[in-house]
Each structure stands twice: as structure tokens, then as C-alpha cells.
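The values are calculated or read from the model by the stated rules, or taken from the named source; none is laboratory data. None of the values given here were measured: they were computed from a predicted structure. Quick reminder, even Gly has a Cβ in these numbers, built from the backbone with ideal geometry, and neighbours come from all protein chains shown. Please note that ligands, DNA and RNA were not included when accessible areas were found on the heavy atoms of the full protein model with its side chains. Shrake-Rupley method; radii C 1.70, N 1.55, O 1.52, S 1.80 Å.
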Amino acid sequence: MDVSAYMSAPAVSVNASTTIGEAARSMDLHGVGCVVVTEGEVLRGLVTDRDIAVRAVAGGFDRDDPVGAVMTTPAVTIDASQSIHAAYRTFRNSGVRRLPVLDGRRVVGMLSVDDLLMDVFRRVGDLLGPVAWSVLDEPPGPRDEIGPRAR
């Protein structure tokens, strides 16, 4: 399955001249921890909640300074047509928690580590479902003559 099936779309975006305060409000409004910084539809970088805390606030920037001053660039990205396994490798190799998803040079979504965790939970559920039903039908362990498993 490809990345586009797991990503959040559309990605919340701002431009480089958006203020740090406006970017933070946008994250709050949309319930996200990251916004992509674009020029038109082309990715220029991204700003995370951590960038705002560590680079902006701790770095002495003002809320009215542009996000372009604290954005992460270049951003680690992934193509929408790549497999979910490529996304796992990209997260593992890069150490980032969010990947802008591109279709060519255009940002089409955002993929987070949390999105992959949901995939893992679904896969574990699919694997353990039959096991759980068999346990409900026949509890594991030896039967004894006194307890609830006695027949």
C-alpha cells in the first residue's frame, strides 16, 4: 500500500512571511504539531511545535517574526506513490516524526509517526484477532477439577 492511504490531507500550510504567532495559532486551530512552509504549492520547509519552542522562543525570536527564520529546511519528504515500507525506512533513517508528502513538487499531505502507529495497531489486531477468539472459546492452561474450566 502506498503512503497516500495513510497521510493526512491536505497538509496545513503557511508561507515564509507568516508570523511565528500566526503559525502557532494555525497549529492550534487545526490540531496539528507541524505546518508546511510553501511558496505557491512548492515546499520550502516546515515548522513544528518544537521549532517554535526551541528555535523561536528559546532563541529569542518574537511572535511577530516570520516562520521563515525558524523553519526546518530542507525538509525530509516522501513521495505519495512510495510504499508504506519506504515511509518506515525514511522515519527510521532520518529521525524525524513528520514527513511532508509530495506529488512531484506539490505538497499533498502529511505523514506522521502516529499515522504509522495506527497501521501497526491495525496489523497487530488483525494478527491477534483469531488468537483472541480461540482463547475465548477455550481458555489456555490446564483444566482442573475445581475451577471454572472444569467440565
Exercise for review: State yes or no: is Gly31 out of contact with any Ser or Thr (no Cβ under 7 Å at 6 or more places or on another chain) and at positive phi?
Suggested key: yes
**Study point:** Where Ser17 falls short, out of the listed (1) under 16 Å from Leu102 (Cα atoms); (2) hydroxyl-bearing (Ser, Thr, Tyr); (3) open to solvent by 60 Å² or more (accessible area, probe 1.4 Å)
**Key:** (1)
Exercise for review: Quickly run through the range 64-88 and pick out the residues that are exposed (fewer than 14 other Cβ atoms within 10 Å of the Cβ) and under 18 Å from Met110 (Cβ atoms).
Suggested key: Thr73, Pro74, Ser81, Ser83
Point to revise | Single match in Ile20, Ile78, Ile84 (criterion: in contact (Cβ under 8 Å) with a residue 40 or more places away in the chain, in contact with a strand residue (DSSP E or B) (Cβ under 6 Å, 6 or more places away or on another chain) and among the β-branched types (Val, Ile, Thr)) | key: Ile78
Practice item. Might you check whether a residue that is touching a helix residue (DSSP H, G or I) at 6+ places or on another chain (Cβ under 8 Å), touching a residue at least 60 places away in the same chain (Cβ under 8 Å) and small (Gly, Ala, Ser) occurs anywhere in the range 56-63? Key: no
**Study point:** Leading residue by the ranking (nearest to Pro100 (Cα to Cα)) among those in the range 20-39 that are touching an Asp or Glu at 6+ places or on another chain (Cβ under 9 Å) and not in a helix (DSSP H, G or I)
**Key:** Cys34
Review point. If we keep just the residues of the range 125-139 that are open to solvent by less than 70 Å² (accessible area, probe 1.4 Å) and part of a helix (DSSP H, G or I), which is modelled with the highest pLDDT?
Key: Gly125
Review point. Is there a residue being free of Cβ contacts under 8 Å to residues at least 12 places away in the same chain and either closer than 26 Å to Asp119 by Cβ or of a type outside the set (A, V, I, L, M) (or both) anywhere in the range 33-46?
Key: yes
